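To start, the structure under review is shown below, and the notes come after it.
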Amino acid sequence: MRFTRLRLNGFKSFVDPTDLVIADGLTGVVGPNGCGKSNLLEALRWVMGENRASAMRGGGMEDVIFAGTATRSARHYAEVVLTLDNADRRAPAGFNDADALEIVRRITRDAGSAYKVNTRDVRARDVQMLFADASTGAHSPALVRQGQISELINAKPKARRRILEEAAGISGLYQRRHEAELRLNATETNLARIEDVTEALA
Ligand code: ATP
C-alpha cells in the first residue's frame, strides 16, 4: 500500500480545501517558518487514528479545527482524506476489496470524530488496526516529529522497544492480545456467575 493523496479541509492552518498529490519517489515540503509543514505531517498522523491531542500540539482534539483569524471566521469541522494505492491488494483483510482505499476522518465541534473507509462508516479502532497491520500508522517510526530524535536518544529501553515493535509491525498483535484478554476475563466472570446460580438452584 502506498500513500498517493492527502486532502485537507479546515484542518489547522489549511482552512481552504487543499489537495496534495504524493507522487512516486521522494516528496519534499519546503516553506517559511509557520507555513504549515508540520501541520501536514500531523494531518497524516491524525487521519490514521491519532487520539492524543498532545501529539497534535493541542489541548483538546477540536484544536485541529481551523480556529479563525482576523479576517476569516473559525470553521465548524475539519476533515482529512488519505488515499492509498491498493493495486497490489496488500491491504489487511476486510479492507482488501478495492484498488484504492480512501480513509476519511472528520471532526465536528461538540460531536467528536467520525471515520470512513471507502464511504463505509468504521470505528477509530478499525482504522488504527488497518494501519498497524500494514506496519504504519499514527505512531509509525517513519513519522519523525521535531525533537523526536533527542527524545529517542534519552528514552528508556522499554520505550525504545515499543518503537522497534512498531517497525516490526507487531503492535497490532499486542492490541488484539489485549482485547482478547479483556474478553477472556469477562467470560471467566460470567462463568463464575453461572456456577453461583447453578449452585444456588441445586
Ligand atoms: P516551522 O518551520 O517553524 O516548524 P511549520 O511550517 O512546520 O513551521 P506549522 O507548525 O505546521 O508550521 O504551522 C504553524 C501554523 O499553523 C501557525 O501559524 C499556527 O497559527 C497555525 N495553526 C495551528 N493550528 C491552527 C488552527 N487550529 N487554526 C488556525 N491556524 C492554526
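FYI, it's all coordinate maths here, none of it is from the lab. Everything numeric here is computed off the predicted structure, so don't read it as measured data. Note: ideal-geometry Cβ built from the backbone for every residue, glycine included; neighbour counts use all protein chains shown.
In whole angstrom, how far apart do the alpha carbon centroids of segment 107-126 and segment 133-202 sit?
Value for the Cα centre distance between the two parts: 22 Å.
Pull out the extension gain between residue 150 and residue 90, defined as 0.36 nm times the separation in residues minus the alpha carbon to alpha carbon distance; nm, one decimal.
The span from residue 150 to residue 90 would gain 18.2 nm if fully extended.
Check the straight Cα-Cα distances from residue 12 and name the lysines below 20 Å, setting aside those fewer than 8 residues away within the same chain.
Reachable lysines: 37.
What is the angle, in °, between the Cα long axis of helix 171-201 and the longest principal axis of the Cα atoms in the chain? Nearest 10 is fine, range 0 to 90.
Taking the Cα atoms of the chain, the angle to 171-201 is about 30 degrees.
Using only the alpha-carbon atoms, how far is helix 37-47 inclined from the longest principal axis of the chain? Give it as 0 to 90 degrees, nearest 10.
30 degrees
Given the C-alpha atoms of segment 2-138, compute the convex hull and give its volume per residue in Å³.
116 Å³
In deg cm²/dmol and to the nearest 500, what is the mean residue ellipticity at 222 nm of the chain if only DSSP H runs of at least 4 residues count, each as -39500 (n - 2.57), divided by the residue total?
-11500 deg cm²/dmol
In what sequence do 41, 82, 8, 191 fall when counting other Cβ within 10 Å, fewest first?
The most exposed by this proxy come first: 191, 41, 82, 8.
On a 0 to 90 degree scale, rounded to 10, what angle separates helix 124-133 from the longest Cα axis of the chain?
Taking Cα atoms only, the helix is inclined about 80 degrees.
I need the peptides 45-57, 141-153, 67-79, 118-130 ranked by packing, meaning the mean over residues of other C-beta atoms within 10 angstrom, with the highest value on top.
45-57, 118-130, 67-79, 141-153
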